[in-house]
Amino acid sequence: MHGSTVKLSKLKKNQKFLYLAPMMKKTDRHFRYLARLISPNIRLFTEMLPAEMLVRDNRARALAFSEPEKPLAIQLGGCKPNILAAAAGYSALWGYDEVNLNCGCPSPQVIEGGFGAQLMKDTELAATCVSAMRDACPERTIISVKVRLGVDELYSYDYFRNFVKKMLEAGASRIHVHARKALVKLNPKANRMVPPINYQWVYKLKEELPDICITINGEISSLGPTLEHLEYVDGIMIGRHAYARPLELIEFDRAISQGPFVPNKASGEILEEYLIYAKEQVNHGASSRKTLQPLLNLFHGYKNAKVWRRSLSEQMRQGTIDIKEVLLISNKVQII
Ligand SMILES: Cc1cc2nc3c(=O)[nH]c(=O)nc-3n(C[C@H](O)[C@H](O)[C@H](O)COP(=O)(O)O)c2cc1C
């Protein structure tokens, strides 16, 4: 087992982080590329990738990303230490900056497989998995865990704190907390809404573990609460809101980054840069539907956003990308 102190001393005291939450079928490389164009400082996350798949076949395709996506975290799903170790090792080799273990997914297949939120029921196994991942990666790779506050009847602050402490002792140095418990009898969608949010436990955890980087996740959709969270924890992680209104990421980025001021890119500029990327991806065999998909919500809240979505959906069916045509459609969209 690793002591947690070595990594922790490197944490800059006042550094704050903005993370994109891992989301299956949403945070693929194309959405991440778009998010990077909008937010220079966001730390991007893959969707959960089954460790078993990464050690079998198709690894290159699943692990592929574009260099600008960095800093980039990969989330692994699994519960077999040797398989997770191999998958973590490949991820580090591929250039991922952070390798994360999913301890929060409550979907029936995942629970049946014994991983995701199920791992929160078996602290020892989860710790062995983290330790194996740590051992398989070089020192520079951050090992992190995404947790809930508990699962089913295992829901007390002491249980939660103990689980996190064991992950740290096993070699994790960053903890992302979806601030509600998981209830395995509920479906994944309900599990993101029904169990009540409890940010206080996350604040308390940070108070007890001041040297550990802890980010908070769950229903963050505006700047006011974000700034409040940052009084207590090291960062925020945004999921659904980031996907639904990607252009707003720039505001969150501004609030969090303390780097040099970077002027906002205009939405037209972002679109143009993204289309060049998308065209290149399609030329290399990617589907036009998948590459254009992240743009559907780009103009959320703008006048004519519906026309945009409809026209873009037509383009998505065509199998090629006509950049001029997409830009023409975008001209019909205006800020209200
Ligand atoms: C469509 C969708 C897919 C998700 N997939 C994952 C996943 O692969 N791994 C994970 O840890 N969480 C997953 N989540 C949960 C999010 O990472 C996040 O914890 C949750 O949505 C709460 O954050 P939010 O309120 O900002 O959306 C998913 C959420 C959604 C909406």
(request) Sum -39500 (n - 2.57) across every DSSP H segment of at least 4 residues in the chain, then divide by the residue count to get the 222 nm mean residue ellipticity, nearest 500. (result) -12500 deg cm²/dmol
(request) With an 8 Å cut-off on Cα pairs and a minimum separation of 6 or more residues, tell me the relative contact order of segment 5-256 in percent. (result) 20
(message) Please compute the contact order of segment 267-330 in relative form: average sequence separation of alpha-carbon pairs under 8 Å and at least six residues apart, divided by the residue count, as a percent.
(response) 41
(request) Provide the gained length on full extension for the span A244 to Q200, in nm with one decimal, where the gain is 0.36 nm per separating residue minus the Cα-Cα distance. (result) 13.2 nm
(message) Given axes a ≥ b ≥ c from the Cα gyration tensor, I'd like to know whether segment 43-174 is rounded (a/c under 1.5), prolate (a/b larger than b/c) or oblate.
(response) prolate
(message) Test of understanding: in a Gaussian network model of the chain with alpha carbons linked when under 10 Å, which of A88, A126, A190 would top the mean-square fluctuation ranking?
(response) A190
(message) My understanding is that a pair violates if its Cα-Cα distance is over 24 Å; which of K146/K206; K80/K206; K25/K279; K26/K204; K121/K146; K146/K290 do that in this structure?
(response) K80/K206; K26/K204; K146/K290
(message) What does the net charge come to around S39 if you take all other residues with beta carbon closer than 11 Å to its beta carbon, with K and R at +1 and D and E at -1?
(response) +2
(message) What does the extension gain come out to for R59 and R310, with contour length at 0.36 nm per residue minus their alpha carbon separation?
(response) 86.9 nm
(message) For a quick size check, give me the Cα extents of the chain along its three principal axes, largest first, whole Å.
(response) 57, 45, 41
(request) Run the dipole for the chain about the Cα centre, Lys and Arg Cβ at +1, Asp and Glu Cβ at -1, nothing else charged, and hand back the magnitude in debye, nearest 20. (result) 600
(request) Pull up the cross-link candidates among the aspartates and glutamates for K16, meaning alpha carbon to alpha carbon under 15 Å and not fewer than 8 places away within one chain. (result) D211, E228, E231, D234, E251, D253
(request) Return one number: the angle in degrees, 0 to 90 and rounded to the nearest 10, between the long axis of the Cα atoms of helix 223-232 and the longest principal axis of the Cα atoms of the chain. (result) 20
(message) Between 0 and 90 degrees, rounded to the nearest ten: what's the tilt of helix 305-318 against the longest Cα principal axis of the chain?
(response) 90
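Since every read-out is calculated from the coordinates, none of them should be taken as a lab result. This structure is a prediction, so every number in the text was calculated from the model and none was measured. We place every Cβ from the backbone using ideal geometry, glycine too, and count neighbours over all the protein chains shown.
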